[in-house]
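The values are calculated or read from the model by the stated rules, or taken from the named source; none is laboratory data. None of these values were measured; they are calculated from a predicted model. Here the Cβ positions follow ideal geometry from the backbone for every residue, glycine too, while neighbour counts run over all protein chains shown. The area values use the complete protein model at the heavy-atom level, side chains included, leaving out ligands, DNA and RNA. Shrake-Rupley method; radii C 1.70, N 1.55, O 1.52, S 1.80 Å.
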Amino acid sequence: ILPLVWHHTSPGHPCSLFGHSLAHGLLPAPRWPIECEVIKEPIQHIEWVPPEPEPFCQPAGPEPSPDLVKEQGTIVYQLSPGSGGWAAPVRAPSPFHPHPAFLASPTAPAGSRFTCARAGGAPGPLSSPAAALSGPEDTTLLFESRFESGNLQRARRVGPFEYELTLRPDLYTSKHTQWFYFRVQNTRKDQLYRFTITNLAKPKSLYSMGMRPLFYSQHDAQSCGIGWRRIGADVHYYHGGGEELAGFHLSWTFHFPHDADTCFFAHSYPYTYSELQRYLRALAQDPQRSRYCTVQALCRSLAGNTVFLLTITSPGGTAGKRAVVLSARAHPGETGSSWVMRGFLDFLLSTHADAQLLRRLFLFKVVPMLNPDGVVVGNSRCSLAGRDPNRAYGMADGSAFPGVWHLRALVERVLAEREVVLYCDFHGHSRKNNVFMYGCDGGGVGTAVRLRQRVFPLMLSKNAPDKFSFPSCKFQVQRSKAGTGRVVLWRLGVSNSYTMEVAFSGSTLGGRSSHFTVEDLKSLGYHLCDTLLDFCDPDPTKFQQCLVEVDALLRQQVGQEPGSGGGWSDVSPSELES
């Protein structure tokens, strides 16, 4: 266990990466809670875009609950509590950790909380959670999830080619089961397998609307250059029923393409902390892009992983430039947000004329991964504090949520120097298709302000008409969202403050009815850049046209005639969205 060294002299003040191994071309190993076992084998995947759209499957109705008894079948994979489950043993506070007492979820078992971290996770030899094969004729699948961002707690074999799977809740909680990502080996070609995840948390899911799981074959990647792809037939999402099966179930059937293959299943395209570090290392080593992109440490996470901050602008000073602040991966299981961020950075750091113009006009502050600890351990929603960091922006004490706390402090510092023209926090959505935004309409303000808050999302819908749905956008500030980044930063003075939600599935717009690819997600980053130029264009024509259109849409929504006159200041946000 290595001691953590903190260099911050004030909240939100980034520090140089001088001395950080990333600055010297090395990738520091992710730091894990001390009880988490981690296999040494590196897991990496190739990028690939399917040549044809991957359509949604025909939504299937719920299956009848299987008539199971508690111990039916054979457990073939089981993580022990000490190797990454939420029921971790209680440990004394580590003298090497700067914060000995952190918040734990009120639903977690007593004494279950994060205490200390170590590069590479638990020391010593690994346990053997997978069942040993009896011989070459044994067709049991070999499961594994003890790698970065992996999540699978248990696998039970209930038939020759049928498995029931249990996901691990977010560490130090007993809930938030959505993200899955695991490896299987010892596959058999042409056999029909059925997999059923039995403890998903949400009653509604895009799986009931045609979404399919993701699959990756190492054989196909190495021999054909084929990466992640959508698979599965007979996809069902349903309530399990009964006390033992109280969670929601996801079930699908599948034929593996090869014998003896190494394969992976995932809820969404994985994007790990190490993958981000590799991307940032390439930026730091690029003599051209590093001229206008500085990579710094905003802070350290609870486990000691770096929360990176990118400052992007053209050389020659920042006087007179307005600021743009972007962030992603507050919720670690929402991996699509990292691919959107990747597309945004790829474009903004390119030689494209619009990218050069953006760098001349604006000062960009970008936090690409707010919750690296949650990403590392394979959580769906929480940090190692056992709580949702996107409800913690208003907290006075930032020790439990250093990423969001330092981001808020950074925005306060920037606001003291210049206008922040836009804040956008990238997220994923599990119940609605397409891409949309949540904004901030608190009511009680003039008509012009309320209309302006809707202009940026409307412009984005015009620039990405086959992905972005303006009718799905919401602007009401609900009490339950008071601690989110968009609401807290809006109240600090960022008038255009948004959460961008990207569906885990895909788009139903522009004649599409298909899953998003990685390229689709990255293109949203480019469209955000394009929309920023439209929004801040010195020629007000586009902006004024959108104001008129927003006014007409709102009047249509409340049953008024277009052009009927009258303001919106006396209409509540709930009335506009009812």
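Just a few scattered comments:
- Once backbone amide H atoms are built at 1.01 Å from N, residue 239 has 249 as its partners under 5 Å, excluding neighbours fewer than 5 places away on the same chain.
- Within-13-Å neighbourhood charge of residue 145 [Cβ basis; K, R +1; D, E -1]: 0
- Estimated inter-spin distance, residue 412 and residue 189, nm [label 7 Å along Cα→Cβ]: 6.2
- Mean projection of the Cα convex hull over all viewing directions, computed for segment 171-253: 7.1 nm².
- Compactness relative to 2.2 N^0.38 Å, alpha carbon Rg of segment 273-557: 0.95
- Approximating the spin labels as points 7 Å out from Cα along Cα→Cβ, the residue 561-to-residue 49 distance works out to 4.8 nm.
- Computed from point charges on the beta carbon alone (+1 for Lys and Arg, -1 for Asp and Glu), the dipole magnitude for segment 273-557 about its Cα centre is near 420 Debye.
- Summary of the geometry: segment 153-189 and segment 238-305, compared by the centres of their Cα atoms, lie 16 Å apart.
- Percent of beta bridges antiparallel (DSSP, the chain, rounded to nearest 5): 70
- Estimated at 0.36 nm per residue, the fully extended path between residue 574 and residue 479 surpasses their Cα-Cα distance by 33.0 nm.
- Antiparallel DSSP beta bridges within segment 273-557, as percent of all bridges there, nearest 5: 40
- Once the chain from residue 543 to residue 260 is taken as fully extended at 0.36 nm per residue, the excess over their C-alpha distance is 96.1 nm.
- Direction-averaged projected area, Cα convex hull, segment 449-516: 5.3 nm², rounded to one decimal.
- A DSSP coil position with no more than 10 other Cβ atoms inside 10 Å describes the following GluC sites (Glu not before Pro) in segment 243-296: 243.
- Where only alpha carbons of segment 193-234 are counted, the Rg and the Dmax (Å): 13.3, 40
- Three-way shape call for segment 345-483 based on the alpha-carbon gyration tensor, with the a/c threshold at 1.5: rounded
- Against the rule of thumb 2.2 N^0.38 Å, how large the Cα Rg of segment 503-549 comes out: 1.50
- For the pair residue 13 and residue 233, a Förster radius of 41 Å applied to the C-beta separation gives a FRET efficiency near 0.15, rounded to the nearest 0.05.
- Computed over segment 126-179, the percent of Cα pairs more than 19 Å apart is 38.
- Percent RCO, i.e. relative contact order, over segment 273-557, from Cα pairs under 8 Å lying at least 6 residues apart: 21
- Links that overshoot a 26 Å alpha carbon limit, given the list 321/467; 189/522; 432/522; 365/522; 40/189: 321/467; 189/522; 40/189
- Cα centroid separation, segment 127-150 to segment 347-390 (Å): 35
- Mean Cβ count within 10 Å, highest first, over the residues of peptides 528-535, 470-477, 549-556: 528-535, 470-477, 549-556
- Calculated FRET efficiency for the pair residue 222/residue 322, C-beta based, R₀ 35 Å, to 0.05: 0.15
- Which of 554, 29, 436, positive extreme of dipole for the chain (C-beta unit charges): 29
- Between residue 269 and any residue 5 or more places off or on another chain, the built amide H atoms are never under 5 Å apart.
- In terms of overall dimensions, the C-alpha atoms belonging to the chain reach 75, 55, 48 Å along their principal axes, ordered largest to smallest.
- Model label points for residue 399 and residue 278, set 7 angstrom from Cα along the Cα-to-Cβ axis, are 3.7 nm apart.
- Dipole-positive endmost among 393, 330, 505 within segment 273-557 (Cβ charges, Cα centre): 393
- Contact order relative to length of the chain, as percent, for alpha carbon pairs under 8 angstrom and 6 or more apart: 15
- Averaged over residues, the count of other Cβ atoms within 10 Å places the peptides 499-507, 330-338 in the sequence 330-338, 499-507, highest first.
- Computed [θ] at 222 nm, helices only, for the chain once each DSSP H run of length n ≥ 4 contributes -39500 (n - 2.57): -6500 deg cm²/dmol
- Here residue 132 and residue 346 are evaluated by their C-beta separation; at R0 = 51 Å the FRET efficiency comes out at 0.70.
- Length, then width, then depth: along the principal axes, the Cα atoms of segment 191-299 run 59, 38, 23 Å.
- Expressed as a whole percent, the accessible area of segment 440-578 that falls on carbon and sulfur atoms is 50 (1.4 Å probe).
- Cα-Cα separations in segment 243-355 greater than 25 Å, expressed as whole percent: 43
- Most to least packed among 149-158, 458-467 [average Cβ atoms within 10 Å]: 149-158, 458-467
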